[in-house]
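See structure below.
Just so it is clear, none of the values below were taken in a lab; they were calculated from the coordinates. Small disclaimer: the values here were computed from a predicted structure and weren't measured. Every residue, glycine among them, receives a Cβ derived from its backbone with ideal geometry; neighbour counts consider all protein chains shown.
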Amino acid sequence: MNLYKDKQIRKGSKFPQNTIRGILLPKIKIRILLRGEHNMCGVVGYIGEKQVAPILIEGLSKLEYRGYDSAGVAILDGTEIKVRKYKGRMSILEEHLKEENIKGTLGIGHTRWATHGEPSDRNSHPHTNCSGSIALIHNGIIENYMKLKEWLIEINGDHFKSETDSEVIAHLIDYFYEGDLLDAVYKAIDKMEGAYAIGVICKDEPDKIIAVRKDSPLIVGIGENENFIASDIPALLKYTRNMYLIENDEVVLLTKDGIKIFNELRQIVKREVLKVTWDAQAAEKEGYTHFMMKEINEQPKGVHDTLHRRLDKEGNIVLDGIKITKEDLEKINKIYIVACGTAYHAGLVGKYAIEKFAKIPVEIDIASEFRYRDPFIDENTLFIAVSQSGETLDTLAALREAKRKGARILSIVNVVGSSVSRESDDVFYTWAGPEIAVASTKAYTTQLVSMYLVALHMAVTKGMLTDVQYKTYMEELKAIPEKIKKILGNTEKIQQLADAQFNNENVFYIGRGVDVAVAYEGSLKLKEISYIHSEAIAAGELKHGTIALVEQDRLIVALATQDKLYDKMLSNIQEVRARGAYVIAVAKEGNKEIEKVADKVIYIPDTLDELTPILSVIPLQIFSYYIAVARGCDVDKPKNLAKSVTVE
Ligand code: AGP
């Protein structure tokens, strides 16, 4: 995994040797830290002599990029644990705490990115046991939480206040608690399956915090008469630059005077102190200069999680959020996919996949048009809304219009509990995690995976695919995350091409078949972050007018990833080259002929024609990024744009 290469912005902001992100590090540890991490929420904890509330607020405010739909704290104010938690941005919690001014020098805090249970006060963290004597914060997912919950209800009659997987942990620790919190935590984690970084406090042991790490990031901050825990370094930089990186299956006991790290066999382990040298801003971006490049590099994980969370042990697709039966599908005679911007471009690929795999006619439309054109809809219509934020007003209004006319509503959404998901009959959540950069990248590729899974699920339900066909598609889909990593591991050439082309003011993106959909997305990425005028067009359409704009050195990005349309694309490339265009082509590895017709070729790993969009868009994202950087643009916050467009 070469996450580090992309941090090197063009002007060679190289980090000194044997340092990563400017931190002097023994090599091994970091690699362990990053693999397969869940980074959906932010946790923080403090034990010391200072008032804890402001320290928790400061820490959480630096972790909001990890999740921002609800936040809460638990503070031991001498005798009891006070839990204050609210749906919404951290500022709401901050207001409440300022008003109430809870005293205490021991506490834990959490900012949430909902996975299990919609954002609400009761689903916010911290969670407690029935009596409130134990409070807990959790980042990650407890896979077997439902079994544990039923078990605790059956043998202990526990009453649960929330829909979350996390609350189960607090009850489990309570079940094993016999006056030794560390022991109870060990017994509890022995029963848990999944990923977790947890922080636990107990009013009967007011001198400690217990923290545990398993496949979710956890660090410990070392202070004078105080110590800290957090999901990530930015939360603690204001107080200390001395950190311990906690490894998998380690349990930490923090007191104000000391830190003990235990392994899973309860043996104390030694750990080198890390001295952090970089600022908080850089930290939130994990050393990347922009959130966009950080999120581009998070796509292997987003695609992996979005895919594998929908596969059972036999590799069958299980869409828990979608209750569409075979009978329902038989009745559906029309599907609309409706969205805006990048989500609309994902819908274009979805149309292609559903018609190809499930043989159901699909109409794709931009929401701002759909909502006013009085489309024909009835109870045999399936309306699919696609939205990262789930709050885009045009998409929401189109959804309501379709619902009013009797359509069944399926939404593909990234934000749990958002308006679009709440107003849908069926919801397919993408697992991209929080997307901060305005230019959508990881949400798009996870939307594509979602489209393929929905289309394959429909095809299997309707018996439209043979086992061999189904297995072939699934094997190829499972190979995609590694193939994305391969592209991310080799971005120099794309950066050099961007360096050579960033002064263009007009660019065309061309393609055939499903490549046209990716051409639209590539063109939008360039427009929205570099302010270069660019247009996407089906290559076969060029000769009907647009080719009049092709002249000497006109930059054309040509997608040629479809085997059955490859020769046609070669001639389209020759067509524009003959008029002086400079062509950068994107093609599958092994297709060498294209080097004879294009000026430059960016290769992507081979895969099935239908699945290439998840790979071919990556070089286009990176190309746009480096052009925007070369032009000195504010990549993460482009002018005139908002991350979620909640106005008409
Ligand atoms: C994409 O990079 C843009 N941020 C924008 O086009 C976006 O895709 C569009 O506004 C839709 O947003 P949504 O997915 O949150 O509904």
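Normalising by the residue count of region 40-280, find the relative contact order in percent from Cα pairs under 8 Å and 6+ residues apart.
20
Calculate how steeply helix 166-176 sits against the longest principal axis of the alpha-carbon atoms of the chain, using the helix alpha-carbon long axis, and give the answer as 0 to 90 degrees to the nearest 10.
For 166-176 against the chain, the angle is about 30 degrees.
Neighbour counts of other C-beta atoms within 10 Å: give me W431, W151 arranged from fewest to most.
Least crowded to most crowded, the residues run W151, W431.
Roughly what % of Cα-Cα distances in region 416-462 sit above 13 Å, to the whole percent?
Result: 64 percent of Cα pairs exceed 13 Å.
Could you work out how much longer the chain between R400 and E423 gets when fully extended? Use 0.36 nm per residue separation minus the Cα distance between them, nm to one decimal.
Here the segment from R400 to E423 would lengthen by 7.5 nm.
Going by Cα centres, region 203-257 and region 579-637 are how many Å apart?
What the calculation gives is 43 Å, centre to centre.
Quick one: which of 121-132, 598-609 comes out on top by average Cβ neighbours within 10 Å, and what's the full order, highest first?
121-132, 598-609
For a protection proxy built on the mean count of beta-carbon atoms within 10 angstrom, sort 358-369, 612-623, 298-309 highest first, please.
Ranked from most to least packed, the peptides come out as 612-623, 298-309, 358-369.
What is region 70-204 by shape, rounded, prolate or oblate, if you read a ≥ b ≥ c off the alpha carbon gyration tensor as root eigenvalues and call it rounded for a/c under 1.5, prolate for a/b larger than b/c, and oblate otherwise?
oblate
Under a 5 Å amide H to amide H cut-off, with H placed in plane at 1.01 Å, what residues pair with E363 once short-range neighbours are removed?
Placed amide hydrogens put I335, Y336, I337 under 5 Å from E363.
Compute the FRET efficiency between S131 and D183 as 1/(1 + (r/R0)^6), taking r as their Cβ-Cβ distance and R0 = 25 Å, and round to the nearest 0.05.
That pair, S131 with D183, gives E of 0.85.
Could you give each residue of region 414-430 its phi-based ³J(HN,Hα) in whole Hz, using Karplus coefficients 6.51, -1.76, 1.60 with θ = phi - 60°, and x for Gly or Pro?
9, 9, 5, x, 6, 4, 4, 5, 5, 9, 9, 7, 10, 10, 10, 7, 7
Could you tell me the ratio Rg/Rh of the chain? Both radii from Cα atoms, Rh via Kirkwood.
That ratio is 0.99, to two decimals.
Using the basic label-point model (7 angstrom from Cα toward the beta carbon), what is the E272 to K326 distance in nanometres?
6.0
Name the residues whose placed amide hydrogens come within less than 5 Å of the amide hydrogen of S534, ignoring near sequence neighbours (fewer than 5 apart) on the same chain.
V507
Hey, rough spin-label estimate for N640 and K313, points 7 angstrom out along Cα→Cβ, what's it come to in nanometres?
In this crude spin-label approximation the distance works out to 5.6 nm.
What net charge is computed for the residues neighbouring L348, neighbours being all others with C-beta under 12 Å from the C-beta of L348, Lys and Arg scored +1, Asp and Glu -1?
Neighbour charge sum, excluding L348 itself: -4.
Working from Cα positions, state the angle (0 to 90°, nearest 10) between the long axis of helix 514-530 and the longest principal axis of the chain.
With both axes taken from Cα atoms, the answer is about 60 degrees.
Taking the Cα atoms only, what angle lies between the long axis of helix 341-357 and the longest principal axis of the chain, rounded to 10 degrees?
Helix 341-357 and the main axis of the chain meet at about 70 degrees.
Going down the list K359/K493; K85/K323; K50/K639; K149/K471; K87/K147; K87/K294, which pairs span over 30 Å between their C-alpha atoms?
In this structure, K359/K493; K85/K323; K50/K639; K149/K471 exceed 30 Å between Cα atoms.
On a full-extension model of 0.36 nm per residue, what is the gain between K238 and K596, subtracting their alpha-carbon distance, rounded to one decimal in nm?
Taking K238 through K596 to full extension adds about 123.3 nm, to one decimal.
For region 291-487, give the magnitude of the charge dipole about the Cα centre (Cβ charges: +1 Lys/Arg, -1 Asp/Glu; no others), in debye to the nearest 20.
Roughly 260 debye, rounded to the nearest 20.
Which of K203, K294 comes first, and how do the rest follow, when ranked by fewest Cβ neighbours within 10 Å?
Lowest to highest Cβ neighbour count: K203, K294.
Points 7 angstrom from Cα along the Cβ direction at E163 and E369: gap in nanometres?
In this crude label model, E163 to E369 measures out at 3.5 nm.
Report the calculated FRET efficiency for I153 and K359 (r = Cβ-Cβ distance, R0 = 35 Å), to the nearest 0.05.
Efficiency for this residue pair is about 0.20.
Here are some pairs, K525/K637; K214/K313; K238/K285; K103/K256; which of them have Cα atoms lying more than 19 Å apart in this structure?
Too far apart for the 19 Å limit: K214/K313.
Can you sort T277, T395 by how many other beta carbons sit within 10 Å, fewest first?
By the 10 Å Cβ count, ascending, the order reads T277, T395.
At 0.36 nm per residue, minus the direct Cα-Cα distance, what do D257 and N506 gain on full extension? Give it in nm, one decimal, please.
Stretched out fully, the D257 to N506 stretch lengthens by 83.4 nm.
Calculate one ³J(HN,Hα) per residue across region 322-336 by plugging θ = phi - 60° into the Karplus curve 6.51 cos²θ - 1.76 cosθ + 1.60, and present them in order as whole Hz with x for glycine and proline.
10, 9, 6, 8, 4, 5, 4, 5, 4, 6, 5, 10, 7, 10, 10
Could you list, in their original order, any pairs among K568/K592; K462/K485; K326/K442 whose Cα atoms are separated by more than 22 Å?
Exceeds cut-off: K462/K485; K326/K442.
Contact order normalised by length for the chain, with contacts defined as Cα pairs under 8 Å and 6 or more residues apart; what percent is it?
Relative contact order for the chain comes out at 11 percent.
With no solvent and one equal point scatterer per Cα, compute the Debye intensity ratio I(q)/I(0) for region 343-494 at 0.11 Å⁻¹ and report its log10, rounded to two decimals.
Reported log10 I(q)/I(0), two decimals: -0.46.
Once R0 is set to 30 Å, what does the formula 1/(1 + (r/R0)^6) return for the Cβ-Cβ distance between S91 and N225, expressed as a FRET efficiency to the nearest 0.05?
0.50
Per residue, what volume in Å³ does the Cα convex hull of region 490-630 take up?
Given the Cα convex hull of region 490-630, per-residue volume reads 92 Å³.
Among rounded, prolate and oblate, which fits region 40-280 when a ≥ b ≥ c are the square roots of the eigenvalues of its C-alpha gyration tensor, a/c under 1.5 means rounded, and a/b larger than b/c means prolate?
Rounded, since a/c falls under 1.5.
Taking the Cα centre as origin and putting +1 on Lys and Arg beta-carbons and -1 on Asp and Glu beta-carbons, what dipole magnitude results for the chain, to the nearest 20 debye?
In total the dipole reaches around 1500 debye.
Determine the distance separating the Cα centre of region 43-96 from the Cα centre of region 284-328; give it in Å without decimals.
29
Can you tell me, using C-alpha contacts under 8 Å and at least 6 residues apart, the relative contact order of region 490-630 as a whole percent?
With pairs under 8 Å counted, the relative contact order is 31 percent.
From the phi of every residue in region 590-599, what ³J(HN,Hα) in whole Hz does the Karplus formula 6.51 cos²θ - 1.76 cosθ + 1.60 yield, where θ is phi - 60° and glycine or proline is x?
Result, ordered by residue: x, 8, 6, 3, 4, 5, 7, 10, 9, 6 Hz.
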